[in-house]
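In what follows, a single structure is set out as structure tokens and then discussed.
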Amino acid sequence: MTIAIIAHDGKKVDMVGFVRDHIDFFHKRNIHLIATGTTGSYLEKAPGG
């Protein structure tokens, strides 16, 4: 399964936190995450990204 990560400017930090808090869930279920440009760059720069 693939899930797209998209967040409005005011929610990008919240979305990164949500993904990081639940990353084990996504990995255990073999969920592939894709993201829009800016949101994706926030995720990549986050600790563990």
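Identification of helices (runs of 4 or more DSSP H) wholly contained in the chain with 2 or more residues that are surrounded by 10 or more Cβ atoms within 10 Å (Cβ to Cβ), of a type in the set (Gly, Ala, Ser) and free of Cβ contacts under 8 Å to residues at least 40 places away in the same chain yields 37-45.
Take the residues of segment 1-48 that are more than 9 Å from the chain's Cα centre (by Cα) and small (Gly, Ala, Ser): which is modelled with the lowest pLDDT? So, considering only residues that are more than 9 Å from the chain's Cα centre (by Cα) and small (Gly, Ala, Ser), the one modelled with the lowest pLDDT is Gly48.
The values are calculated or read from the model by the stated rules, or taken from the named source; none is laboratory data. These figures come from a predicted structure and were not determined experimentally. Cβ: placed from backbone, ideal geometry, glycine included. Neighbour counts: every protein chain shown.
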